[in-house]
1. Could you calculate the FRET efficiency of THR21 with GLN48 from 1/(1 + (r/R0)^6), where r is the beta carbon distance between them and R0 is 22 Å, rounded to 0.05?
2. What's the FRET efficiency of LYS301 with GLN379 using the Cβ-Cβ distance as r and R₀ = 35 Å, to the nearest 0.05?
3. Please list, by residue number, every one of the GluC sites (Glu not before Pro) in region 210-275 that is coil in DSSP and has at most 15 other beta-carbon atoms within 10 Å.
4. Going by how many other Cβ atoms sit within 10 Å of their own, how do TYR471, TYR356, TYR385 line up, fewest first?
5. Hey, what did region 431-498 get for relative contact order, percent, Cα under 8 Å, at least 6 apart?
6. Considering only the other residues whose Cβ falls under 12 Å of the Cβ of LEU56, what net charge follows from Lys and Arg at +1 and Asp and Glu at -1?
7. Using every alpha carbon pair in region 37-140, what percent of pairs falls into each 10 Å bin from 0 up to the bin containing the largest distance?
8. So what is the relative contact order of the chain, in percent, for Cα pairs below 8 Å that sit 6 or more residues apart?
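None of the figures in this text is laboratory data; all of them are computed from the coordinates on show. Being a predicted model, the structure only gives us computed values, none of them experimental. We place every Cβ from the backbone using ideal geometry, glycine too, and count neighbours over all the protein chains shown.
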Amino acid sequence: MKYLPLFALTIGLIGGANAETLTRDNGAPVGDNQNSQTAGENGGNLLQDVHLIQKLQRFARERIPERVVHARGTGVHGEFVPIADISHLTRAAVFEPGSKTPVFVRFSTVIHSKGSPETLRDPRGFATKFYTEEGNWDLVGNNLPVFFIRDAIKFPDMVHSLKPSPVTNQQDPNRFFDFFSHVPESTHMLSWVYSDYGTPANLRQMDGWGVHAYKLVNDKGDVNYVKFHWKTRQGIKNLTAEEAAEIQSKDFSHATRDMYAAIEKGEYPQWDLYIKVLKPSQLNSFNYNPLDATKMWLDVKETKVGTMTLNRVPTNFFQETEQSAFAPANIVPGIEPSEDRLLQGRVFSYSDTQMYRLGANHQQLPINRPRVVVTNWNQDGAGNYGQQASTVNYQPSRIDVRNEDPKGLYSSKPLSGRTQQKAIEKKLPFAQAGAFYRSLSPEERQNLIENLAGDLGKVRDDNTKHIMLSYFYQADNDYGQRLTKAVGGDLVRVRKLVQ
Ligand code: HEM
C-alpha cells in the first residue's frame, strides 16, 4: 500500500479509477467511507469517529466569501508575446522583444452573485495576470472602454444601488437611476451598457479595455501616460436583448461553455494588445481630463504592441479561478498607476478585499504565486507556507543582506499646490456619450433606446426619470427625444432641465 500526500491525490489522479488508498487529511488510511461508527445496531454515533467528523467539518467549510463584485467568472491560461519594441517607453520585461510571458485571464460579470446567468446586461470583467520575470503584473480591465464614475469614493454607493435591495433582495432601476441621476458623468458608460455591448455573445468575441490611464516608465525614468486595449481577433459579436433572453432560458453558463469548447477544439482565442500614449505635457491639451475614467482618448492613435493567446483551461475551478486574485497594486518596474482618482482607490481596494476573501497570504497560492523568488520580511499569518530560513527578519542588517534594485524605484514628479477635496475641472459629462450614440448603426440605436426604456420606464419618481432623460438629451438631442417618447416622458420638462 502506498500513501500519496493529499495534494498529489487531489491533483494527480483526476479522471478515472485509481488504486491509491483513501486517506483522512492527516494521511492515515480510511477504513470505511460508507458506514459511520455507531454504538451497536441501534445506538447513537460515536464522537470518536474522526473520519465522519472530519468529512462533515470540511464539507461545512467549502465556501469562501464570493467576490463583493465580479463574483461570476471563468478563468483561462495562456501566453503573451510582444511584437513591438517599446523600450523607449517602458522598461517592463513583459514588453521585451523575444519574450513570452505566461498569463491567466479571468472574465466575469459584475453585479450578480456566483451562480447568476452569464447572459445578464452588465460590463464583463477582463482581468489579466502576467507572470513576468520581474513579478506579477495585473491588468484588471473590462470589456467596455470607460466607467460610470471617476472617483473611488463613490464606488461603494454605486455598487449598493446596483446590487439587489437590502430590503427586497431584488435589483431595482428605481434605486440605481436614483443614484445615477446624481452622476451625469455616468451617461457615457450607461450608454455602452444599455447598448448591445452590455450583452456580449460570449467571452471570445469581445474586446478588453484597461479603462484608466497608467504610466509607462523607461530606463531613464521618463514617464508617459498610456491606455491599454485588447482587440479580439475573433470579431466582436453582441446579443440583442431577445437573443440574450432566449439563451438564458436554456443555459446559465453559455459563455463558459463556449470558451471551454473552443479551447478543447484547439481554436485558441487571441487578442492583440494596443496602446495609446500621451506625454505628461499633453494632459492639458483636451476639452476633457485624460485622467478621468469616464472618458476615452478618442483622438489619440493606437499602436499594436503584442498578442495574447488563451490555450488551457484550469484543472480545478476553485483552486485557480475562484482563488485567483487580481489587483491593480500588482505592478512591475516600468508600469505604474496614473493619478486617476478611481484607479488610486482600486490600488488599495483589491488587495484589501483579497486579504479578507482569501487571507493575508493569498499571493502564496499557486495561481497567484509569482514565477520569481519572493524575498521579503512579510511573515506568518493564516495559511502561510512560505519558508523563512534566516533568523534575520528585519532590515537593515549586516548578517543577511538583501539588495534593493533601483529598477524597482517609483518614478518621481514635481508637486506644488494645496491638498483639496474638489471635483475635477473639465467635466464634459455628455459629449462622448453623444459621439458613441452617433457611432451606432440605426438598428443598434434602436436596441439601445429599447433596452434603456425598459429599465428607465420602471422608475416611479418623475423627477429622477426626467433628470436622466435630460442627460441623454444633452448627449444627443435625437437620443434624448426618442428615449423620452419611449418612456412617455415630457420633452418640455426635459429641455428645462438641460444644464
Ligand atoms: C474605485 C473603483 C473600483 C473599486 C473600489 C473596485 C473594487 C473591486 C473589488 C473589491 C473587486 C473584488 C476583487 C476580489 O475579490 O478579488 C473587484 C473586482 C473586479 N473589478 Fe473592480 N473596482 C472598481 C472599479 C473597476 C473598474 C474601473 C474596472 C475596470 C477597468 C474594474 C474591474 C474589475 C474586475 C475585472 C474585477 C474582477 C477581477 C477577477 O476576475 O477576479 N473595477 N473590483
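1. On the way: r = 21 Å, r/R0 = 0.96.
According to the calculation, E is roughly 0.55.
2. Working: r = 48 Å, r/R0 = 1.36.
Step by step, r from the Cβ atoms, then E = 0.15.
3. Values: sites: GLU242, GLU243, GLU246, GLU264, GLU267; in loops: GLU267.
Here the GluC sites (Glu not before Pro) that fit, given the DSSP loop and packing criteria, are GLU267.
4. Numbers: TYR471 29, TYR356 12, TYR385 7.
Neighbour counts put them in this order, fewest first: TYR385, TYR356, TYR471.
5. Numbers: 61 pairs, mean separation 25.3, N = 68.
Result for region 431-498 is 37 percent.
6. Numbers: positive: LYS55, ARG58, ARG61; negative: ASP49, GLU62.
Local charge sum for LEU56: +1.
7. 13, 25, 19, 18, 12, 8, 3, 1
8. Working: 876 pairs, mean separation 81.9, N = 499.
Relative contact order comes out at 16 percent.
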